[in-house]
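The values are calculated or read from the model by the stated rules, or taken from the named source; none is laboratory data. This structure is a prediction, so every number in the text was calculated from the model and none was measured. Note that we place each Cβ from the backbone using ideal geometry, even for glycine, and neighbour counts take in every protein chain shown.
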Amino acid sequence: MNYELFIAKRYLTAKRKQAFISVITFISILGITIGVMALIIAIALITGFQSDVQDKILGSTSHIMVSDIIGEGLRDYAQLISKIETQEGIVGASPIVYDTVLLIGPYKNDGAILRGIDFALEKESADWLQDLESGNIPLPDSKKEGIILGRDIALGIGAGVGDVVSVLSASSSRLSPIGLIPKRKKFLVTGIFRTGLYEFDSNTALIPLESGQRFFGLEGRVSLIQVRIKDIFKAPELADQIMKILPPEAYVTTWMEMNKPLFSALKLEKKLLFLTITLIVLVAALNIIATLILMVMDKTRDIGVLIAMGATSQNIRKIFFLQGALIGTIGTAAGTILGLFWCWLANTLELIKVPVDIYQIAFVPFRIKIIDLLIIIGVTLLITFLSTIFPSYRASRVDPVVSLKYE
């Protein structure tokens, strides 16, 4: 250990007359600790919330959606799917028919989005279809056409596995002497699913693709094609590629466009939180400056002795730089450990509960990315290191003749 580091460590553990400086040093370390801890918790909260909502949204919807402008449905969809799947970066594509319907349950009626999907294809990417909350996926060869309901809408209409529900569709109405009569069909509830996204679970019912085509009068057509991609953040680029191979009446929408307001708000909030809580670290850095200046004033005689013994201005600067660096490093390390421990504790015990119908999740998850953690640590250390420049410069300018004049 070089003598500059040895002296810096000795100065941090002041005794007797320098007890006041020790208190200020402790406060400086505590300020850095609290600032780093608050930064980690705040960034982990925003990141966890964004990631969880994003995963739930993408777990129940597609990354890219191909629809037709006219609204009559996409024809030759099998050929279109084959073309789309040949594009680089595409994992798969599946056809869907959907429309708004009225669900008539045993106890209550409610509006819903009825989707006709290819269960075999959707199960490959949707974990919630592989493990239903209860029941099974409708069998294609069943005598009674089956339907599976979202958990919340099933509770709302009072339907369970084995019950029969009626579906009314205004878009498939037929003309009669008394006017338009909505198309009505009965389905057997074969299963209940839960994605974790309240908005989806509370208004979605699923039936086989062929059943949906017959019910909505879209034989040989589909409402849209869902496309899954490897890198979800390359959706705009891949959407442009897909547009080039589509017919003129088709258009493409990405998950980013559909949820842009939500994720833009979360990104802005993350930046504002980082800037706001960084002020805590800046305040703690001012404490470091004050501590080192007081230390310089208190150690003027020691500095004079060191210079008289041959220490250079650079050696003196290094002593007080290392002292400030130790304060910053100890505070940053303690804040990082406490912040990560709090995140683990909050996730394990699910400490912060939130309304599911508003936030789409039952509790706030805390997730910290490595890059965010490194930025927090790096910015904190940079601020603390910069705060040592002025005090260490002042220390190096001490005149040994003046400091030892009365010794």
Can you work out which of the residues in region 171-203 that are crowded, with 21+ Cβ neighbours inside 10 Å and part of a loop (DSSP other than H, G, I, E, B) is modelled with the highest pLDDT? Thr195
Count, please, the residues in region 196-237 that happen to be under 27 Å from the mean Cα position of the chain (by Cα) and among the hydrophobic types (A, V, I, L, M, F, W, C). 8
Cβ-Cβ under 9 Å pairs, at least 6 apart or on other chains, region 330-344 side in contact (Cβ under 8 Å) with a residue 60 or more places away in the chain, far side basic (Lys, Arg) and crowded, with 17+ Cβ neighbours inside 10 Å: Cys343/Arg367
Need pairs with beta-carbon distance below 7 Å; first residue among the acidic types (Asp, Glu) and within region 90-111, second not in a strand (DSSP E or B); sequence gap 6+ or separate chains. Asp99/Phe216; Asp110/Ile153; Asp110/Gly156; Asp110/Ile157
Would you check if there is a residue in region 254-261 being in a strand (DSSP E or B), more than 16 Å from Gly73 (Cβ to Cβ) and modelled with pLDDT under 85? yes
The condition of being surrounded by 17 or more Cβ atoms within 10 Å (Cβ to Cβ), basic (Lys, Arg) and more than 14 Å from Glu210 (Cα to Cα) holds, among Arg151, Arg115, only for Arg151
